[in-house]
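Novice: Below are the structure tokens for one structure; questions will follow.
What follows draws every value from the coordinates through simple rules; no lab data is involved. What you see is a predicted model; the values in this text were computed from it and never measured. Using ideal geometry, Cβ is built from the backbone for each residue, glycine included, and neighbour counts are taken over all protein chains shown.
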Amino acid sequence: MAGSSFVDYVKIFCRSGNGGAGSRHFRREKFEPKGGPDGGDGGRGGHVILRGNQNYWTLIHLKYQRHVIAGHGGSGSRSRSSGASGEDKTIEVPLGTVAKDAETGEVLFEITTHGEERIVAQGGRGGLGNVNFKSSTHQAPRYAQPGEPSVEVPVVLELKVLADVGLVGFPNAGKSTLLAAVSAAKPEIADYPFTTLIPNLGIVEYRDYKSFVMADIPGIIEGAHEGKGIGLRFLRHIERNSILLFMVPSDSEDIRKEYQILISELQQFNPELLDKKRLLAISKTDFLDDELQGELEKDLPDVPYVFISSVTGYGIAQLKDMIWKELETSMLER
């Protein structure tokens, strides 16, 4: 997925349709010149609807579609004929899309399942025709209701990647290398920081035809919650992950300290992130012998951990087992 094609934030202006006016028509026929009221109701205005689509991965298709306007309802007519409903406008969005009021920041709703539909701008109701106001004491009403006006809603759409496991770590912690080693994803890998500029998703195959989705989130640096680096923009994607897999390289000066910095950044961005299951992978252990590994284990944080090497495959099977065990536990707790 090219960086230019990954769009996870758009602002669009939505306007529903006006409701059609009710009719004030009176029936006039050759042998019945005073047939009474027969004006039909107006049609409702069109809605603006968001629909979840599992085939979409980004909001790129909405990047230049800044105005979405639904159709107006038709007016009622003679013979109690109702006006046509206005054309609905349906916006297809990827799963994990959050709709917010652009002016207040209030979360309107979230789209999380395929085919789920939510109305973001309600169409105006059609007005009642004069036939609805006929009574025994008022047999010739000469009025009808106008249709309700349209609704204008500026909406912000934010995509939060849906994944079972989110990789959290500093730049060059080996996240992209791990994702490439365990899935068919092809993230950019290089020996300089911030090679990952967008979240990458990969499906990790497990035994007995089981699988789970892993997300490589761009590297976090200290101060990311204040806007430093590029981590702030993508921290929201971690909110959707069931498990957070923290990655710290074995050659780090202080593994526990790096882990605590990552925890602190997540806490200051959203304290609820700390309620998620946490695992730790000590990466880049290609040249780590048993003695050095034992020394590192003495000062690791109190969280399930595993030593891995994405290059040689060391510890990868153990890592998958650990992840799957936690996923099963999470599913049972729901």
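Novice: If the only charges are +1 at each Lys and Arg Cβ and -1 at each Asp and Glu Cβ, what is the size of the charge dipole of the stretch 1-159 around the Cα centre, to the nearest 20 debye?
Specialist: 1020 debye
Novice: Name the long-range amide H neighbours of ALA102: under 5 Å, sequence gap of 5 or more, or other chain; modelled H, no Pro or chain starts.
Specialist: Residues meeting the amide H criterion: VAL155, VAL156.
Novice: Only Cα pairs within less than 10 Å get springs; with that Gaussian network setup on the chain, which residue of ALA173, ALA140, ALA281 has the largest fluctuation?
Specialist: Maximum fluctuation in the GNM of the chain, among the listed residues, is at ALA140.
Novice: Tell me which aspartates and glutamates have Cα within less than 20 Å of LYS298's Cα, excluding those fewer than 8 residues away on the same chain?
Specialist: The reachable aspartates and glutamates, counting only those whose Cα sits under 20 Å from LYS298, are ASP251, GLU253, ASP254, GLU258, ASP286, ASP289, ASP290.
Novice: Below 15 angstrom from the Cβ of LEU108, what's the summed charge of the other residues (Lys, Arg +1; Asp, Glu -1)?
Specialist: Within the 15 Å Cβ shell, the charges total -3.
Novice: Counting other Cβ atoms within 10 Å of each Cβ, which chymotrypsin sites (Phe, Trp or Tyr not before Pro) in the stretch 237-318 have at most 14 and sit in a DSSP loop?
Specialist: Filter output for the stretch 237-318: PHE287.
Novice: Of the chymotrypsin sites (Phe, Trp or Tyr not before Pro) in the stretch 55-89, which ones lie in a loop per DSSP and count no more than 15 other C-beta atoms within 10 Å?
Specialist: When the chymotrypsin sites (Phe, Trp or Tyr not before Pro) of the stretch 55-89 are filtered for loop state and at most 15 Cβ neighbours within 10 Å, TYR64 remain.
Novice: Quick check on the exposure proxy: order ILE255, ILE308 from fewest to most C-beta atoms within 10 angstrom.
Specialist: Ascending number of Cβ neighbours within 10 Å: ILE255, ILE308.
Novice: Report the one residue of PRO199, HIS67, GLY147 whose Cα lies farthest in the direction of the positive end of the charge dipole of the chain (charges on C-beta: Lys and Arg +1, Asp and Glu -1; origin at the Cα centre).
Specialist: GLY147
Novice: Could you tell me what percent of the DSSP beta bridges with both partners in the chain are antiparallel, to the nearest 5?
Specialist: For the chain, the DSSP antiparallel bridge percentage is about 55.
Novice: Over all directions, average the projected area of the Cα convex hull of the chain and note it in nm².
Specialist: 23.6 nm²
Novice: Sorted by packing (mean other beta-carbon atoms within 10 Å per residue), highest first, where do 271-279, 289-297, 19-27, 85-93 land?
Specialist: Going by the mean number of other Cβ atoms within 10 Å, highest first, we get 19-27, 85-93, 271-279, 289-297.
Novice: How large is log10 of I(q)/I(0) for the stretch 1-159 at q = 0.08, 0.20, 0.21 Å⁻¹ when the intensity is taken from the Debye formula with one equal scatterer per alpha-carbon?
Specialist: Those come out to -0.35, -1.07, -1.14, one per q.
Novice: Grab the stretch 1-159 and count how many Lys pairs have their alpha-carbon atoms under 26 Å apart, sequence gap of 8 or more, or different chains.
Specialist: Lysine pairs satisfying the spacing and distance rule in the stretch 1-159 number 8.
Novice: Rg and Dmax in Å for the stretch 283-334, alpha carbons only: what are they?
Specialist: Gyration radius and largest Cα-Cα distance of the stretch 283-334: 13.3, 41 Å.
Novice: Using only DSSP helix segments of four residues or longer, with each worth -39500 (n - 2.57), what per-residue ellipticity at 222 nm results for the chain after dividing by its residue count and rounding to 500?
Specialist: Taking each H run of at least 4 residues, the total per residue is -5000 deg cm²/dmol.
Novice: Using a Gaussian network model on the chain with a 10 Å cutoff between Cα atoms, which of GLU148, GLU239, GLU29 fluctuates the most?
Specialist: Comparing GLU148, GLU239, GLU29 in the GNM, the peak value goes to GLU29.
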